[in-house]
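The values are calculated or read from the model by the stated rules, or taken from the named source; none is laboratory data. Note that the structure is a prediction, hence the values are computed from the model and not measured. With ideal geometry, Cβ positions are generated from the backbone for all residues, glycine too; neighbour counts draw on all protein chains shown.
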Amino acid sequence: MSNSDLKSVEIDDYISTQSADARKALEELRTVIWQNSPYVCELMNYNIPAFALVEGGKREQQIMIAGYKKHVGFYPHPDVIEEFKEQLSGFKYAKGSIQFPLNKPLPKELVANMVKCRVVQLEK
């Protein structure tokens, strides 16, 4: 199976319905997730884009993203947020979610490190 087989038309459709700023941020998040996980399969979960980081990955093994009016939501896993909470001090975040405002550049390196962290956690 090639990587293109693991991309989701539903996610393309979801992103296409967002504002220009949210579309840009969601595509950036999508790219960073793909670049930093050895395995990714896209699907829709809870009506938002999800990325399984292991084959057949269920909710606990997925990272999810979502577009909103003033931010994009990034849902890596509560364990990841706990591990990165010092670096997240400039962002609004909760137990399982982080909000990246659309009026600021996406912190791609931080997102990449969080994706890599989740992959390592899942490999244990």
For this session: Six or more apart or on different chains, Cβ under 7 Å: which pairs go from a residue in region 20-31 that's closer than 16 Å to Ala50 by Cβ to one that's aliphatic (A, V, I, L, M) and assigned to a helix (DSSP H, G or I)? Could you list them?
Result: Leu26/Ile15; Glu27/Ile15; Leu29/Val111
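Table: residues versus (1) within 16 Å of Ile33 (Cα to Cα); (2) at pLDDT 95 or above; (3) hydrophobic (A, V, I, L, M, F, W, C).
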{"residue": "Glu83", "(1), (2), (3)": "no, yes, no"}
{"residue": "Lys92", "(1), (2), (3)": "no, yes, no"}
{"residue": "Leu102", "(1), (2), (3)": "no, yes, yes"}
{"residue": "Val115", "(1), (2), (3)": "yes, yes, yes"}
{"residue": "Arg118", "(1), (2), (3)": "yes, yes, no"}
For this session: Kindly indicate whether any position in region 94-110 is free of Cβ contacts under 8 Å to residues at least 60 places away in the same chain, surrounded by 13 or more Cβ atoms within 10 Å (Cβ to Cβ) and of a type in the set (Ser, Thr, Tyr).
Result: yes
For this session: Check whether at least one residue in region 69-91 is surrounded by 13 or more Cβ atoms within 10 Å (Cβ to Cβ) and over 27 Å from Lys124 (Cβ atoms), and report yes or no.
Result: yes
Seminar exercise, completed: Across region 56-83, the tally of residues that are in contact with a helix residue (DSSP H, G or I) (Cβ under 6 Å, 6 or more places away or on another chain) and of a type in the set (Phe, Trp, Tyr) stands at 0
For this session: Would you confirm whether any residue within region 24-32 is modelled with pLDDT of 95 or more and over 22 Å from Leu106 (Cα atoms)?
Result: no
For this session: Hey, can you tell me all the residues within region 16-38 that are more than 9 Å from the chain's Cα centre (by Cα), surrounded by 15 or more Cβ atoms within 10 Å (Cβ to Cβ) and under 19 Å from Lys116 (Cβ atoms)?
Result: Glu28, Trp34, Asn36, Ser37
Exercise. Wholly within region 16-124, which helices (runs of 4 or more DSSP H) include no fewer than the required count, namely at least 2 residues that are closer than 22 Å to Leu6 by Cα and of a type in the set (D, E, K, R)?
Worked result: 20-35, 108-123
Exercise. Is it the case that Gly56 is out of contact with any strand residue (DSSP E or B) (no Cβ under 7 Å at 6 or more places or on another chain), at pLDDT below 95, surrounded by fewer than 19 Cβ atoms within 10 Å (Cβ to Cβ) and of a type in the set (Gly, Ala, Ser)?
Worked result: yes
